[in-house]
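Here is the structure we will look at.
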Amino acid sequence: MQISAIEIFTGEIFHFLANPGLHSEASGWEWIDDGAIAVCDGKILARGKRTHLFETYPDAKVNEHRGCLIMPGFIDTHVHYAQLDVIASFGSTLLDWLERYTFPAEAAFENEAHASLLANLFLDEMLRNGITTASVFPTVHKTSVEAFFEAAFARNLRVLCGKVMMDRNCPAYLQDTVSSSEKDNLSLIEKWHGKGRLLYSLTPRFAPTSTAQQLQMAGELLHAYPTIHLQSHLAENVDEIRWVKELFPTSDSYLDVYDQFGLLGERSIFAHSVHLSSEDKMLMGKNQTAIAFCPTSNLFLGSGFFDLSQAVAHQIPVGLATDIGGGTSFSMFRTMTAAYKVQQVHRHALTAWQAFYLSTLGGAKALGIDAHVGNFEIGKEADFIIINPEATPLLSRRYQLTQTLEEKLFVLMMLGDDRVISGTYIAGKNASATLTGDC
Ligand code: GUN
Ligand code: ZN
């Protein structure tokens, strides 16, 4: 019988056990000074004081990271791998940006080699930024999903993805049909859902690009497979909302279109959701439909200012998202900074507690995968990051001036970027060995 090896990682352990709320007097977090986690078979075996874990597991291999923080890997609740080459495209708003840059770039993903190259570059970049889980849009092409899942499976990642569905209002070269979409979804679900740590997420792009029949079919699949997920876009931009009204004149609201076809619920997440009525928010809270808050994208495309405190007041699960390529950075620190600035518009300064919660356990809860990832509870998958809070001269100087943990986290969230991620671990293994190339 093979005896499983135990590894200990030492450092300042920081994670959340519950939502810390929106105020500075936060609870729900745990900080273990001079601490450690023990990992076995890719799972968290124990966490505690460094000396205690050394005594408990005297034969364990030790990885010293004293002076660094060890946190659960970041969770990006909404991102488009097929938009890697679209990032930083100048001057547009949503519908024009889709036509001008995004749809042409997505056409190339019919090609297997291109899809595979971009999937690997995307995953490299994600891991380099400490993001260990993401809910990912590919394109309408089956090849784009195959390439992504293959690359993610090879790296043992817990990610969600699913074929983009769109059967109208897009260029003919990107269009599917109700029946081709159903057939592709079925074969992809059977092949990939639950393989390794992969999860299938039905992906109707957004209401304008699907017929009622296609949304109906998506709802039927979601109910036929009780463990798959659903991701889409909602109420991002005022022109988009007007368009949805024209396309679905009998619906009460944009959200109501999705509700009508049974697409809401605990396994569903909608990106943006910037412009919602209080009735919409009440419904999302009631049935626990989640929102992916995409601050850099909402600012870049001039879409609007998402009001986090309103969403929280309605008990809607919220996660943070980069939304590459409408979003402008792979860094969750930069994304937290943008979220902070957006909340300032609403006169609700985003605490570091809430920002890091949204990027870890909050994201896991929003995606309905918190039984597996999001914090260091015993038995959860050991996806974690090593953060060097003094990775740059400015950060080092400013960090040393801090006195409280809250100040430390705030400095990190405002000044951090990929340079502070000194290690990304997937199921206890260093992911740097899996990086394929430079972006
Ligand atoms: N709405 C529909 N498709 C997209 C997309 O690719 N990006 C963003 N930001 N919004 C969308
Ligand atoms: Zn998106």
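Values in this text are rule-based calculations from the coordinates and carry no lab data. Just so we're clear, the structure is a prediction, and the values are computed from it rather than from any experiment. Neighbour counts are summed over all protein chains in view; Cβ atoms, including those assigned to glycine, are modelled from backbone coordinates with ideal geometry.
Sorting check: for 309-318, 417-426, 365-374, 327-336, which peptide has the highest mean count of neighbouring beta carbons within 10 Å, and how do the rest follow? List each step's numbers first, then the result.
Details: 309-318: 18.2, 417-426: 20.0, 365-374: 22.9, 327-336: 24.9.
In decreasing order of mean packing, 309-318, 417-426, 365-374, 327-336 become 327-336, 365-374, 417-426, 309-318.
Counting other Cβ atoms within 10 Å of each Cβ, which GluC sites (Glu not before Pro) in the range 1-98 have at most 15 and sit in a DSSP loop?
Details: sites: E7, E12, E25, E30, E55, E64; in loops: E25.
Hits after loop and neighbour filter: E25.
Does anyone have the angle between helix 278-287 and the longest principal axis of the chain? Alpha-carbon axes, 0 to 90°, nearest 10?
60 degrees
Quick one: in the chain, what % of C-alpha pairs are over 33 Å apart?
Roughly 31 percent, rounded to a whole number.
Here are some pairs, K183/K429; K49/K408; K408/K429; K281/K408; which of them have Cα atoms lying more than 30 Å apart in this structure?
Where the Cα-Cα span goes over 30 Å, the pairs concerned are K183/K429; K281/K408.
Defining a contact as two alpha carbons under 8 Å apart and six or more residues distant in sequence, what relative contact order in percent does the chain show?
20 percent
Within the set of other residues whose C-beta is less than 14 Å from the C-beta of G362, count the net charge using Lys and Arg as +1 and Asp and Glu as -1.
-1
Would you kindly derive the ³J(HN,Hα) couplings of the range 425-436 from the backbone phi angles with the Karplus curve 6.51 cos²θ - 1.76 cosθ + 1.60 (θ = phi - 60°), listing them in order in whole Hz, with x for Gly and Pro?
Each residue's phi maps through the Karplus curve to give 10, 10, 6, x, 10, 5, 6, 4, 5, 9, 5, 9 Hz.
Given the range 38-176, what percent of its DSSP beta bridges are antiparallel, to the nearest 5?
Values: 3 of 10 bridges.
Beta bridges within the range 38-176, antiparallel portion: roughly 30 percent.
Give me the percent relative contact order of the range 1-133, please, defined on Cα pairs under 8 angstrom at least 6 residues apart.
On the way: 180 pairs, mean separation 31.5, N = 133.
24 percent.
Once you put a point 7 Å from the Cα of K195 and another 7 Å from the Cα of T177, both along the Cβ direction, what distance in nm separates them?
Taking the simple label geometry, K195 and T177 are separated by 2.7 nm.
With each pseudo-label sitting 7 Å past Cα toward Cβ, what's the V62-S4 distance in nm, one decimal?
2.3 nm
Please state, to two decimals, what the Cα-based radius of gyration of the range 242-365 comes to when divided by 2.2 N^0.38 Å (N = residues).
Values: Rg = 14.3 Å, N = 124, 2.2 N^0.38 = 13.7 Å.
Normalised Rg, Cα atoms only: 1.04.
Using packing as a proxy for protection, rank 295-302, 276-283 so that the peptide with the highest average count of other Cβ atoms within 10 Å comes first.
Working: 295-302: 22.4, 276-283: 17.1.
Top to bottom by mean Cβ count within 10 Å: 295-302, 276-283.
Mind running the shape call on the range 368-439? Use the C-alpha gyration tensor, a ≥ b ≥ c as the square roots of the eigenvalues: rounded below 1.5 for a/c, prolate if a/b tops b/c, oblate otherwise.
On the way: a/c = 2.78, a/b = 1.40, b/c = 1.99.
It is oblate, given that a/c is not under 1.5 and a/b is not larger than b/c.
Take the Cα atoms of the range 192-264, build their convex hull, and give its volume per residue in Å³.
About 84 Å³ per residue, rounded to a whole number.
Taking the 0 to 90 degree range and rounding to the nearest ten, how far is the long axis of helix 112-128 tilted relative to the main principal axis of the chain, both from C-alpha atoms?
That helix lies at roughly 40 degrees to the long axis.
Take the alpha carbon atoms of the range 288-348, find their center, do the same for the range 45-60, and report the distance between the two centers in whole angstrom.
Spelled out, the Cα-based centre of one part sits 38 Å from the other.
What is the packing order of peptides 401-411, 221-231, taking the mean over residues of other C-beta atoms within 10 Å and listing the highest first? Each step should come with its number before you reach the end.
Working: 401-411: 15.4, 221-231: 17.6.
The most tightly packed comes first, giving 221-231, 401-411.
As a test of the formula, what do you get for the chain when each DSSP H run with n ≥ 4 contributes -39,500 (n - 2.57) and the sum is divided by the residue count, at 222 nm and rounded to the nearest 500 deg cm²/dmol? Before the final figure, lay out each step's value.
On the way: 17 runs with 160 residues, N = 439.
About -10500 deg cm²/dmol.
In terms of the ratio Rg/(2.2 N^0.38 Å) built on C-alpha atoms, what value belongs to the range 43-156?
On the way: Rg = 19.6 Å, N = 114, 2.2 N^0.38 = 13.3 Å.
That ratio works out to 1.47.
Antiparallel DSSP bridges in the chain: what percent, to the nearest 5? Please report the intermediate quantities before stating the final value.
Details: 27 of 57 bridges.
Counting DSSP beta bridges with both partners in the chain, the antiparallel share is about 45 percent.
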